[in-house]
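This report refers to the structure that appears directly beneath it.
Bear in mind that the values in this text are calculations on the coordinates, not laboratory data. This one's a predicted model, so the numbers in the text were calculated from it and none came from an experiment. FYI the Cβ positions are ideal-geometry reconstructions off the backbone, even for glycines, and counts take in every protein chain you see.
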Amino acid sequence: MKKIIFFIFISFTLTLLITGCGGENEMFSQANSELTQSAIEYVNKYKEDMVYQVNEGNFSELEPYLIPNTTFYHLLRRHVNDLQQERSTLTLIEHTVSDVLVNEDAVLHVHAYEVTEKTDRRGEKTIEENNITYEMVEHNESFRIVSIMKR
């Protein structure tokens with residue numbers, strides 16, 4: 001009997017982990033105009049700074065945009081370091097925000113379209129177009145990026 005109860009408990013737990021806890025069904029609404037403008041300015045500044053830091057700076061200058069010691073933080077740090085070690089450069093061709101949504105927990109989803117050009121050390125250029133979502137939270141009268149997801 002204990003094995004059956006344990007099996008049911010494990011099955012239930014795995015089902016919750018696999019299906020998630022509401023992420024897909026979260027309700028987002030349009031952010032007010034002030035919040036929208038602030039979020040747009042923030043992600044545009046982040047993207048410009050990210051490109052600059054890849055080309056001429058270092059990752060530590062991007063830290064104020066991020067939540068320290070998260071998976072996304074470490075992935076971005078690795079990505080920036082890899083680009084720098086490969087001696088690749090980035091050029092931001094376009095970065096346009098289309099929508100700023102907010103949920104009941106004050107998590108923002110900023111939808112953007114971006115076009116970047118990567119030039120490797122041999123001078124070969126690659127253009128990448130992405131629809132992305134910045135997941136952000138408000139922090140000390142500003143924001144922090146939780147993650148950036150391709151859509």
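The GluC sites (Glu not before Pro) found in the range 85-151 that occupy coil by DSSP, while having at most 10 further C-beta atoms within 10 Å, are 104, 124, 141. For the range 54-109, the list of trypsin sites (Lys or Arg not before Pro) that fall in a loop by DSSP and count at most 10 other C-beta atoms within 10 angstrom reads 87. For the range 31-107, chymotrypsin sites (Phe, Trp or Tyr not before Pro) are listed when DSSP marks them as loop and at most 13 other Cβ atoms sit within 10 Å of their Cβ; the list is empty. With 0.36 nm allotted per residue and the present C-alpha distance subtracted, the residue 111-residue 93 stretch has 4.8 nm of extension available.
Each of 73, 40, 98 was placed along the dipole of the range 12-151 (beta-carbon charges, centred on the mean Cα), and the one lying farthest toward the positive end is 73.
Amide H contacts of residue 66 (H built 1.01 Å from N, in plane; Pro and chain starts excluded): 145 sit under 5 Å, all sequence-distant by 5 or more or on other chains. Expressed per residue, the C-alpha convex hull volume of the range 27-150 stands at 100 Å³. Near residue 93: Cβ cut-off under 14 Å, other residues only, Lys/Arg at +1 and Asp/Glu at -1. The net charge is -3.
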